[in-house]
1. Could you list all residues from segment 231-248 that are assigned to a loop (DSSP other than H, G, I, E, B) and either among the hydrophobic types (A, V, I, L, M, F, W, C) or more than 9 Å from the ligand (Cβ to nearest atom) (or both)?
2. Being in a helix (DSSP H, G or I) and open to solvent by 40 Å² or more (accessible area, probe 1.4 Å) is the filter here, so list the residues in segment 1-36 that pass it.
3. Have a look at Thr124, Thr142 and point out the one that is in contact (Cβ under 8 Å) with a residue 24 or more places away in the chain, polar (S, T, N, Q), open to solvent by 10 Å² or more (accessible area, probe 1.4 Å) and over 30 Å from Ile53 (Cβ atoms).
4. Does segment 56-66 include one or more residues that are in contact with a Pro (Cβ under 6 Å, 6 or more places away or on another chain) and of a type in the set (A, V, I, L, M, F, W, C)?
5. Based on this model, can you work out whether Ala44 counts as within 18 Å of Leu388 (Cβ to Cβ) and not in a helix (DSSP H, G or I)?
6. How many of the residues in segment 151-179 are away from the ligand (no atom under 14 Å from the Cβ) and either within 22 Å of the chain's Cα centre (by Cα) or farther than 23 Å from Ser123 by Cα (or both)?
7. Name the single residue that is nearest to the chain's Cα centre (by Cα) among those in segment 180-215 being closer than 30 Å to Thr306 by Cβ and away from the ligand (no atom under 16 Å from the Cβ).
Amino acid sequence: MPPIRKILIANRGEVALRIVRSCKEMGIGSVAVYSEADRDSLHARIADEAICIGPAQSSLSYLNMPGVISAALVSGCDAVHPGYGFLAENAAFARACVDSGLVFIGPSADSIERMGDKSVARSTMMAAGVPCVPGSEGAVETYGEALSFAREVGFPVLIKAAAGGGGKGMRVARDESELEANMTAAKTEAAAAFGDDTVYIEKYLLRPRHVEFQVLADSLGNAVHLFERDCSVQRRHQKLIEEAPSPAVTPELRQTMGEAALKAVRAVGYESAGTVEFLLDTDGRFYFMEMNTRVQVEHPVTEQVTGVDIIREQIRIASGERMKHAEQSSVELRGHAIEFRINAEDPMHNFRPHPGRVECFNPPGGFGVRVDSHLYGGYTVPQHYDSLLAKLIVWGETRAEAVARARRALDEFIIVGIPTTIAFHQFVVEEEHFKKGEVYTDYVDEHVSESGLADFATGGQVVEEGRCV
Ligand code: MV4
């Protein structure tokens with residue numbers, strides 16, 4: 001495989017910057033693509049070259065495969081990094097890159113496809129001996145089949161869309177009387193959202209934690225995991241806070257779950273960075289949920305506790321090189337890291353997205369603080385894309401130290417002009433359950449009631465309309 005000399009970054013925002021930064025450190029050229037709405041964006045400015053690929057609407061720019069590939073070819077790139085979102089888990093795009101003579105920095109199109117269908121992924125993992133939530137072997141065709149699986153595992157059950165992930169096309173059936181209608185509802189929603197109404201059935205676990213393992217596998221057959229992240233603090237399937245390691249995972253469990261994650265990787269001949277998601281129940285049992293075949297938003301917490309630059313490793317792997325840590329025993333876990341997603345959303349009003357002009361941007365710094373962001377004072381957040389503005393990642397020798405540092409860093413963080421989730425995070429870092437590491441997937445609904453947040457959010461960071469304070 002020839003070395004990679006120039007990479008097209010098929011993304012925008014903070015992740016595009018993140019990728020350009022690794023390119024620069026590796027002496028690799030970088031080409032940004034941007035939409036008309038992103039003319040003034042930082043990712044287009046810091047890359048070596050930048051090419052406008054179309055209007056604001058994603059489907060006409062960041063999702064336009066021929067446009068992105070043409071940009072790579074005319075600028076003389078030899079590889080494409082898709083980041084997360086947009087085309088990152090699109091098997092047709094990975095295939096189109098390869099067919100155009102470009103290296104796709106990620107897994108093979110076949111791996112993306114196999115993991116993209118959650119019911120196929122589930123049966124693959126069952127066959128490989130990776131623990132899965134009790135339920136159907138693969139897709140469920142008829143109501144009769146659904147009923148027999150539901151009776152076998154016991155109610156409540158969860159009906160999930162095979163093409164889903166992230167909660168879409170998902171319905172709980174608490175008892176037999178709800179099964180038929182909710183299966184129909186899940187199928188209808190899945191058909192509308194994904195053009196595929198295939199569903200499967202699992203026992204519905206109560207108060208699970210979301211624990212995911214970062215994995216890396218190279219083309220020479222080496223595979224390691226970089227331990228786990230706990231992403232239990234979510235709202236409506238949007239992650240808000242992620243941390244590594246998980247407060248719920250003991251060294252023994254970490255070893256067992258890590259081995260299961262590697263079993264999953266080997267079962268599909270996976271190559272590149274990926275994430276194996278598990279649900280961890282209150283009794284410490286874990287079950288495979290999904291595998292994500294991209295670099296994730298929350299990858300920095302893993303970087304901070306392992307010292308591994310995951311983007312750099314993706315690029316090395318795509319070049320056919322051996323990854324930095326080819327042996328599991330050489331990967332070490334040090335300290336604790338927590339990421340807070342700072343979104344252009346108003347937590348006082350149901351987290352309503354709130355694009356607009358950022359008058360002042362003053363991120364925190366100092367020991368153990370990392371901020372990954374594409375913001376600058378005077379930048380206007382466009383309405384066309386996701387609301388992620390910045391990621392605050394804090395590191396500490398212990399979880400308590402990381403939480404104390406987070407409190408300090410959040411207090412320093414000033415974004416003037418638009419509401420953000422900073423106030424939400426300021427509430428959470430003072431909240432007793434979070435401080436003890438007691439976070440479950442329904443944590444936000446249970447412990448961050450809107451009234452509680454409203455009470456807290458009046459204090460803390462000082463924000464005045466239109467000026468820095
Ligand atoms: C589950 C579950 C309980 N039992 N599966 C939500 C998103 C999708 N990726 C899978 N999800 C869940 N699957 C079984 N068998 C609970 C959830 C779930 C959830 C999972 C992770 C993080 C937050 C969540 C919030 C609600 C439900």
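The values are calculated or read from the model by the stated rules, or taken from the named source; none is laboratory data. These numbers were taken from a predicted model, which means no experiment stands behind them. Because the Cβ atoms are built from the backbone with ideal geometry, glycine has one as well, and the counts that use them run over all protein chains shown. When the accessible area is computed, the model is the full protein with side chains, heavy atoms only, and any ligands, DNA or RNA have been set aside. Shrake-Rupley method; radii C 1.70, N 1.55, O 1.52, S 1.80 Å.
1. Pass one, segment 231-248, residues assigned to a loop (DSSP other than H, G, I, E, B): 236-237, 245-248.
Within segment 231-248, Pro245, Ser246, Pro247, Ala248 meet the criteria.
2. Step one: of segment 1-36, the residues in a helix (DSSP H, G or I) are 13-26, 36.
Listed by number, the residues that qualify are Arg21, Lys24, Glu25, Met26, Glu36.
3. Thr124
4. no
5. Working: within 18 Å of Leu388 (Cβ to Cβ): yes; not in a helix (DSSP H, G or I): no.
Against the criterion (within 18 Å of Leu388 (Cβ to Cβ) and not in a helix (DSSP H, G or I)), Ala44 does not qualify.
6. So the count comes out to 4.
7. Kept after step one, since they are closer than 30 Å to Thr306 by Cβ, are these residues of segment 180-215: 205, 207-215.
Restricting the remaining residues to those that are away from the ligand (no atom under 16 Å from the Cβ) gives 214-215.
Working: Gln214: 11, Val215: 13 Å.
Residue satisfying both the conditions and the ranking: Gln214.
Results for (1) open to solvent by 10 Å² or more (accessible area, probe 1.4 Å); (2) touching a residue at least 24 places away in the same chain (Cβ under 8 Å), shown as yes or no for each residue.
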site: Val68; (1), (2): no, yes
site: Ser75; (1), (2): yes, yes
site: Arg95; (1), (2): yes, no
site: Pro107; (1), (2): no, yes
